[in-house]
Amino acid sequence: MATTDAPLLLADAVEKDYTSGPELVRVLRGATVELRPAEVVTLVGASGVGKSTLLHLLGGLDRPGSGRVLFRGEDIFARGEAGLARYRRHDVGYVFQFYNLLGEMTALENAMLPALLARRPSREARELAAEALAEVGLADRMRHRPGELSGGEQQRVAVARALVNRPQALLADEPTGNLDPKTSAVIYDLFLRLQAERGLAFLIATHNMELARRADRSYRLVEGRARPVTPGE
């Protein structure tokens, strides 16, 4: 379901350095990646090359040392802190490899959290979370806590949580890295269904080349830069 529209989300020549003791580590060196509306794009590359760092920048969780992150043509870091918080809560959703669910809460309560943080009334947050859980196939598991769910079910709760405020793009950092191949395929099928039914855009960091080949486009991160992956590569 690739699209030729202008970018929904764009990392424009972003750079990011970190210090490790006395050493300066250059993680991203002018990486440019774009995600168009209703498109699935994957980021591939060796561990430690900067995939997670790039997703953090695109999600507004960290700031680039230089370069820009544009959402619908607007620099997200020019919004101010309140505008940046709205971007993180409403415009993009985030899915992590290790689920990051709160063990004492039910699936429904975990999925409600972003809506509550966005100051939606409790009843509305509950309704949105129940709708999102039903959308990912967990209508009958809403009252279960994470410890009572399989790994694939926990990841689907995490996806529902990311969907609850109805973002336009979902950023997923190794979302199947903790799952077996069969369950990984189920999660990826879910992403493709949400792309088709919701028009949701996905940017997915993954080591799974089989899944990456099912995306509309892929980038490979090498030495801090991103290059498009050609079909069949």
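No value in this document is a laboratory result; all are computed from the given coordinates. Since the model is a prediction, treat every value here as computed from it, not as a measurement. Note that each Cβ is placed from the backbone with ideal geometry, even for glycine, and that neighbours are counted across all protein chains shown.
Relative to the longest principal axis of the Cα atoms of the chain, the long axis of helix 107-117 makes an angle of roughly 60 degrees. Note on Ser20, Ser184, Ser218, Ser66: ascending count of other Cβ atoms within 10 Å places them as Ser20, Ser66, Ser184, Ser218, the fewest first. Largest GNM mean-square fluctuation across Val157, Val95, Val25, computed for the chain with C-alpha springs under 10 Å, falls on Val25. Shape analysis of the chain yields a ratio of the Cα radius of gyration to the Kirkwood radius, Rg/Rh, of 0.96. With the simple model of a label 7 Å out from the Cα in the direction of the Cβ, Leu84 to Ala6 spans 2.4 nm.
What the Cβ-Cβ distance of His144 and Glu210 gives, at R0 = 30 Å and to the nearest 0.05, is a FRET efficiency of 0.50. Figure legend: label point modelled 7 angstrom from the Cα of Lys182 along Cα→Cβ; residues of region 131-162 with amide N under 15 Å from it are 150-153. On the principal axes of its alpha carbon atoms, region 108-233 extends 48, 29, 27 Å, with the longest extent given first.
Treating each Cα of region 1-68 as one equal point scatterer and applying the Debye formula with no solvent, the log10 of I(q)/I(0) at q = 0.18, 0.20 Å⁻¹ comes out as -0.70, -0.84. Adding -39500 (n - 2.57) for every DSSP H run of four residues or longer, then dividing by how many residues the chain holds, sets the calculated 222 nm ellipticity at -9500 deg cm²/dmol.
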